[in-house]
Structure formats: C-alpha cells, structure tokens
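Taking it in order: structure first as structure tokens, then the write-up.
Nothing in this text is a laboratory measurement; each read-out follows from the coordinates by a stated rule. Computed from a prediction, not measured in an experiment: that's the story for all the values here. Here the Cβ positions follow ideal geometry from the backbone for every residue, glycine too, while neighbour counts run over all protein chains shown.
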2 protein chains.
Amino acid sequence: MLTRTQHLFDDATRVVAGDSRWRGRTSPDYWAFVGPFGGFTAATILRALIEHPERAGDPVALTVNYCAPIAEGEFDLDVRFVKANRSSQHWCVELSQGSGDVATLATAVFAERRPSWAHQVARFPDARPFEEIKPFPSIAATWVKQYDFRFIEGVPTLRSAGAAEPGSAFSKLWISDRAPRRIDCLSLMAMSDAFFARIFHARGEVLPFGTVSITTYFHADADDLTKEDVTRVLAVADANTFHKSYGDQSGQLWSPSGRLLATTTQVMYFKA
Amino acid sequence: MLTRTQHLFDDATRVVAGDSRWRGRTSPDYWAFVGPFGGFTAATILRALIEHPERAGDPVALTVNYCAPIAEGEFDLDVRFVKANRSSQHWCVELSQGSGDVATLATAVFAERRPSWAHQVARFPDARPFEEIKPFPSIAATWVKQYDFRFIEGVPTLRSAGAAEPGSAFSKLWISDRAPRRIDCLSLMAMSDAFFARIFHARGEVLPFGTVSITTYFHADADDLTKEDVTRVLAVADANTFHKSYGDQSGQLWSPSGRLLATTTQVMYFKA
C-alpha cells in the first residue's frame, strides 16, 4: 500500500513500477463523462516514463493516441524503451486493462537538453492578472473541479440550442490546479488537454466529442520549471478547422513570467 | 522485380507487402545530407498503411519519431494494427534495418470520415500566384531537387557567418513536386517535412539539425483530394521557440482553392 501523496494530482497519477509492466488506476477526482480525463491519462503515462529507472533527460515530445475507452479501475502500462541515442531516448507505452486490447498508445522522446543559442519567437499574450478574474464555475465532470480556469477571452457560452453563427474558437485563460501545485512536466501535459473542446466554442453548445490524438512539446526542462516556480499557466488555444467529423486544436502554455513552457496540438472527433 | 511507376515519388516510396513485415528501401532521389529526407520516410510508412489490406478509411493523424539514422538501402516496416473502433483504426509502425534497432517509430490514426457540420476557422493566406514567382534554386540535397519551392515570404538568406540579429522564422511558399503529381495524403505527409529548418531562417545560416518528431493532421480525405485535383499547396510555417538545443515548427498546407488540407508540427534538435 502506497502512502497518499500531498496533492491529489500526484495521487491520481501514481504508478507502481514493474519491469516493463507498470500499473496505475483511474481516479474519481479526474473523471470525465465516459472515462478518465484525457490529460490525466497522458500525465500518468508520462509519470511512468519519468519514474522509469532507465529514463535519462527530460521530456521533449509526447504523443498520446486514445484508442478505446478506459473503464474505472486499474490499468497496465506496457513501457518499452525503443531506442537510445547519445543524448535522447525514444519510448513507447501501451495502456490496457485486464486482458483487453490496447486502450491508449503513446510515444515519447526524452533528451538531455544542453545549453544553446536561444530565441523565443512567439509573443507572450497580453493578459489581465489571474487575481483580477473570476474563476469559471465548475461543471459536472470531476476533473474540471480540480482546475481553476480564469478566462480572459473566449469564455464558453453554451446554450442548449447552440449559436446561430459559428463562434470564435479562440480562448485565452489562466489555468491553475484548484489546490495550487508547482507546474512541472506532468501538469503541463495534463493542462495541454484541459482546454474545453474547440467545437463547444465554435458551436456554442456541448456536443459528443473525443480527443483522438494529442501531441505536446516541452520547451522547458525540469531545471527551467524549478526556476520558474509557478502554479499557473497562461494558456491560449484555437482551432484551424472542423470537417467531416474531425477538428483540431493547437495551444500554447506560458509561464506568468513570459516563457513559453509547452505547445500542444490535438485532433478530435465530434458529432454535429 | 516491380515495374517502375510513373512518378519518382511513387517509385521512391514503394513498399513490398508482407504479413506484418513490409519492406521498402531508401531512394537516391530523396536523400538528405546524412540519410533519407524525413518526409520520404514518413510518406513511405504512410504508404505501407494505406496499402495494407486491413486498412479502412483515411489518415487523420500520423506521428513519426526519428530515433536513429537510416542507412542507404533496404529497410523493414513492422506494421501493427493496434486497435479498431467503429469508425477508426490505430496503427503502429517500426522501421528497422537488418537486425538493427528501431530507427523510426510511428503511430497513425485512420478514420472513415462522415459528413458533418463544417467550419474552416483558419484564414487562407494571401499569396501571389505560383506562376508569377521564380523557383527557389536547387541546393545540394537531392530531395530538394524533387520539389519546386516558390517563396512568397521568408525566402532563406543563408550567409556563412549567419545573421547578426535573429531573422523571422516565418515562411510562406508554394510547394509542388518538381514533376507535377496530384496531391494526395502521401505527398501532403512528405511536404509537411519539406520546409527548410526554421533554425536556418532564424539564424540566417545552415547548422546541424535533425527532426526528432513530426505530427501531421489530415483535414481532407481521399475524396476531398481527388475533387481538389491539384499539384501544389500553399504552405506556411513558423517557429515558437528555440531553447536548449531544441526548437519547434508548425505549419499549414492549403489547396490553391483555399481549403486547409493538413496541419503539421515538429520538434527538432539543433546545434548552435
């Protein structure tokens, strides 16, 4: 029996080491309508990699493909070290339950990041301070209650009939764990998937949807994040298109100091 | 012995079917400085999936992780059908040579795309017509010779000493196969990786670099592309950041008619 860790995010994403087979379990605290919050699943996979004894360096890229629903309860993580280079590692993780098929398939790249020429091209978005903005009211899904969303632009306005004209798919908001927790790669991964579905914004209503694949690139390593020492990110997200039942989202997660911490993109299925 | 196909792109990305083990080989026509052009590798993997007898639907997402250099010659593609849903399929492909380690690791999502509400959020970029712009001169790598690049903005200006100040990382250009070939998912995948490295633009010089992971989302299916019936795309690419030896790129590929065909993102290693 493991002792309960301090923050419920760390408790939820806890994994038990195995040789190549690790174990985790879904958490009632990070539950979406029909399964775990996708950001929880992605962060748990990332945690298994970060805690792996053969892991070296920091995450650079994580892609998670959601293949099938995950039921409440335990799951196995089949963690495979695919290839090591001088300064980078390639991993593959398959999540399954019982003797079932693969429910989630992920690939990751880790690297020992070395000092280099640096240049931040993207501009830090203007934003009113976190403290001046009211939190977005919690909605039914438990995972939403674990975050403090403060919208600067693109607050979702959801009507039962939807909007007559397509609304903007752009949002700018502060995202913090409801119980503040220092931002690390795990929370960046989870927060990458914490935007409300762009289709809700564009349509002005909640519709059946599901993330099919998410990719997050980490632009800060563990040292950078320790130095930032922040508990929230300024997040922006937008969509490019919705077409034949699939749409996309791209986003950026910024430190309040103006450093780009992560970029993320995902493709999702919708019914409309 | 297979007969030579019409277009050298199709010849280069030709694969020989196996049960789960498929075979391909590098092409001198799509060679970069130290290995095959990454877009060639990605397109060849995609071809194996598209030609697979169990494949249903069209590609929605492809992520390719470049784990190790690929030597000139034959390679094996270990194609694994991971999970099928009602309307989507998840695949995993590992490329290796001889008895060597995995050199390239890819995951893909295919889906039977159904009619739905549609809304293109991104705006078609203004662009001078292809015919009015001079082709970018071919450079040493053979793969570059297979494309006709016509820059509208952000033409690379490479000096041996580099630029004093960081240059813009943004480019807008037409990309066509040098010998025109109708745009399909394969060429979209290859063209996703056909931008010059953003670090060249930002630094104004050619530096050691390598794509680590690329993800492309397809916003048009085979039917859409057949209807578009075009041989070139309007392409835009930009970077968000360069930090501790890694940088990123995101791009869009547009049909000349103004339809967004694909979006792409990649993370790359650089030495500067």
Response to the item:
Excluding residues fewer than 8 positions from A:K134 in its own chain, the aspartates and glutamates with Cα under 18 Å of it are A:D126, A:D148, A:E153, A:D177
Fill in: Shape category assigned to the stretch B:13-133 from the gyration tensor of Cα positions, a/c cut at 1.5
oblate
Worksheet, complete the sentence: Rounded to the nearest Å, the spacing of the alpha-carbon centers of the stretch B:10-25 and the stretch B:168-187 is 24
Practice prompt. Using a 10 Å cut-off on Cβ to Cβ distances, tally the other chain neighbours for every residue of A:97-107 and report the average as a whole number.
Written response: 3
Discussion item. Give me the percent relative contact order of chain B, please, defined on Cα pairs under 8 angstrom at least 6 residues apart.
Written reply: 17
Worksheet item: To the nearest µm²/s, what D does Stokes-Einstein give for chain B at 10 °C and 1.306 mPa s, using the Kirkwood radius over alpha carbon pairs as Rh?
Response: 83
Worksheet item: Considering chain B as a Gaussian network with a 10 Å cut-off on Cα pairs, which listed residue, B:A239, B:A220, B:A84, attains the greatest mean-square fluctuation?
Response: B:A84
Discussion item. Which one, A:A122, A:S171, A:G73, projects farthest toward the positive side of the charge dipole computed for the stretch A:44-196 from Cβ point charges (K/R +1, D/E -1)?
Written reply: A:A122
Worksheet entry | Inter-copy spacing of A:Q6 label points, which lie 7 Å from Cα along Cα→Cβ, given in nm from shortest upward | 6.5
Item to complete: Compute the FRET efficiency between A:A163 and A:F124 as 1/(1 + (r/R0)^6), taking r as their Cβ-Cβ distance and R0 = 30 Å, and round to the nearest 0.05.
Response: 0.50
Discussion item. Run the helix sum for chain B: -39,500 (n - 2.57) per DSSP H stretch of 4+ residues, divided by residue count, reported at 222 nm to the nearest 500 deg cm²/dmol.
Written reply: -4000 deg cm²/dmol
Discussion item. If I stretch the segment between A:A71 and A:E153 completely, what's the gain in nm (0.36 nm per residue apart, minus their alpha carbon distance), one decimal?
Written reply: 26.1 nm
Discussion item. Taking a virtual spin label 7 Å from the Cα of A:E51 along the C-beta vector, which residues in the stretch A:173-193 bring their backbone nitrogen under 18 Å of it?
Written reply: A:182, A:184-190
Worksheet item: Using the Cα gyration tensor of the stretch B:1-60, with a ≥ b ≥ c the square roots of its eigenvalues, what is the shape: rounded (a/c below 1.5), prolate (a/b larger than b/c) or oblate (neither)?
Response: prolate
Discussion item. Under the 0.36 nm per residue contour assumption, what length would be gained going from the current alpha-carbon distance of B:E132 and B:D229 to full extension?
Written reply: 32.8 nm
Worksheet entry | Cα-based reach from A:K244 at 17 Å (exclusive), listing lysines while leaving out same-chain residues under 8 positions away | A:K271, B:K227
Worksheet entry | Whole-number Å³ per residue for the convex hull built on Cα positions in the stretch B:191-272 | 90
Discussion item. Stokes-Einstein diffusion coefficient for the protein assembly as shown at 4 °C in a medium of 1.567 mPa s, Rh from the Kirkwood formula over Cα pairs: what value in µm²/s?
Written reply: 55
Item to complete: Place the peptides A:63-69, B:113-119, A:161-167, B:55-61 in order of packing, highest mean first, counting for every residue the other Cβ atoms within 10 Å and averaging per peptide.
Response: A:63-69, B:55-61, B:113-119, A:161-167
Discussion item. If you build the convex hull over the alpha carbons only and average its shadow over all orientations, what do you get for the stretch B:171-229? Give it in nm² to one decimal.
Written reply: 5.2
Item to complete: Could you let me know the centre-to-centre spacing of the stretch A:65-93 and the stretch B:99-125, using Cα atoms, in angstrom?
Response: 20
Response to the item:
Expressed as a whole number, the average count of other chain Cβ atoms within 10 Å around the Cβ atoms of B:108-114 is 4
Fill in: For B:D101, distant residues with modelled amide H under 5 Å away
none
Item to complete: Enter the mean number of other protein chain beta carbons within 10 Å of the beta carbon of each residue in B:217-224, as an integer.
Response: 4
